[in-house]
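Please treat every number below as a calculation from the coordinates, not as lab data. Here the structure is a predicted model, which is why all the values come from computation and not from measurement. Cβ placement follows ideal geometry from the backbone for every residue including glycine, while neighbour counts extend to all protein chains displayed.
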Amino acid sequence: MKEVAYNEYANKALDLLSQGAFLTTAHDGKVNTMTIGWGSIGNIWGKPVFMVMVRHSRYTYELIEKSGEFTVSLPFHDMKKKLNFCGSKSGREVDKITVMEITTAPGQKTSTPVIADCGLTYECKIVYRQAMDATTLDPDYNQRWYGQGDYHTLYYGEIVACYTND
């Protein structure tokens, strides 16, 4: 693994994110990963930050609320089968990591594991969280993305480690 500046691969990371990435969190011996396609990388409060969104109905929501940290692993090669599975199954019902034979590795600066065979990894400690307020969301977005009322919480994670194994 080679440590890199959080923004060195930012453009590539955002391109990859739109194709799917693994958001992983862990608490009390339970590890879960889910597929995400939305997020942002930036500089807030003078710190590098990765913002991810997790719906309240997700098992990941339960774990991330307790853990206070997460990792984002972006594949540099085809992992569509694993991403599709992790985006369509709940960690409450199936151990996605075991079923899909996903290799994890310990985080370097967090206690949350990373997906080992991805190309780019961000380790993050949550510095701010905000549950969405439907009344402040554009009505078109609200209708398109939240018809069932299953809103996201936005997690702003200070990037404490960023590395590639490319």
What value, in deg cm²/dmol to 500, does the helix sum -39500 (n - 2.57) over DSSP H runs of n ≥ 4 give at 222 nm once divided by the residues of the chain? -5500 deg cm²/dmol
List THR25, THR135 from most exposed to least, where exposure is judged by having the fewest other Cβ atoms within 10 Å. THR135, THR25
Cross-link table LYS80/LYS125; LYS89/LYS125; LYS47/LYS96, entries beyond 29 Å C-alpha to C-alpha: LYS47/LYS96
Footprinting proxy, TYR156, TYR128, TYR163: sorted fewest to most Cβ within 10 Å, the residues are TYR128, TYR163, TYR156
Taking H as built 1.01 Å from N, whose amide H comes closer than 5 Å to the amide H of GLU69, not counting residues under 5 places away? ILE126
Quick one: which residues, 5+ away or cross-chain, put their amide H under 5 Å from the amide H of GLN19? H built at 1.01 Å from N. none
Output wanted: per-residue J couplings in Hz (rounded whole) for segment 128-140, from phi through Karplus 6.51 cos²θ - 1.76 cosθ + 1.60, θ = phi - 60°, x for Gly and Pro. 7, 9, 8, 6, 5, 10, 4, 6, 9, 8, 3, x, 5
When the Cα centres of segment 18-48 and segment 135-166 are compared, how far apart do they sit, in Å? 10 Å
Of HIS56, HIS77, HIS152, the one that fluctuates the most in a GNM where the chain has Cα springs shorter than 10 Å: HIS77
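Over the chain, what is the relative contact order in whole percent, taking alpha-carbon pairs under 8 Å and six or more residues apart?
Relative contact order of the chain: 30 percent.
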Could you give each residue of segment 6-16 its phi-based ³J(HN,Hα) in whole Hz, using Karplus coefficients 6.51, -1.76, 1.60 with θ = phi - 60°, and x for Gly or Pro? 4, 9, 4, 10, 4, 4, 5, 4, 5, 4, 5
Please list, ordered by chain and number, the residues whose modelled amide H lies under 5 Å from the amide H of VAL114; skip anything fewer than 5 residues away on the same chain. ALA105, GLY107
For the chain, set up a GNM with springs between Cα atoms under 10 Å and report which of THR60, THR103, THR35 has the largest fluctuation. THR103
For the residues GLU65, GLU101, what sequence is obtained by ranking on other C-beta atoms within 10 Å, fewest first? GLU101, GLU65
Segment 61-126: C-alpha pair distances exceeding 13 Å, %: 67 percent
Answer check: the chain, Cα atoms, Kirkwood Rh, Rg/Rh ratio of 0.94
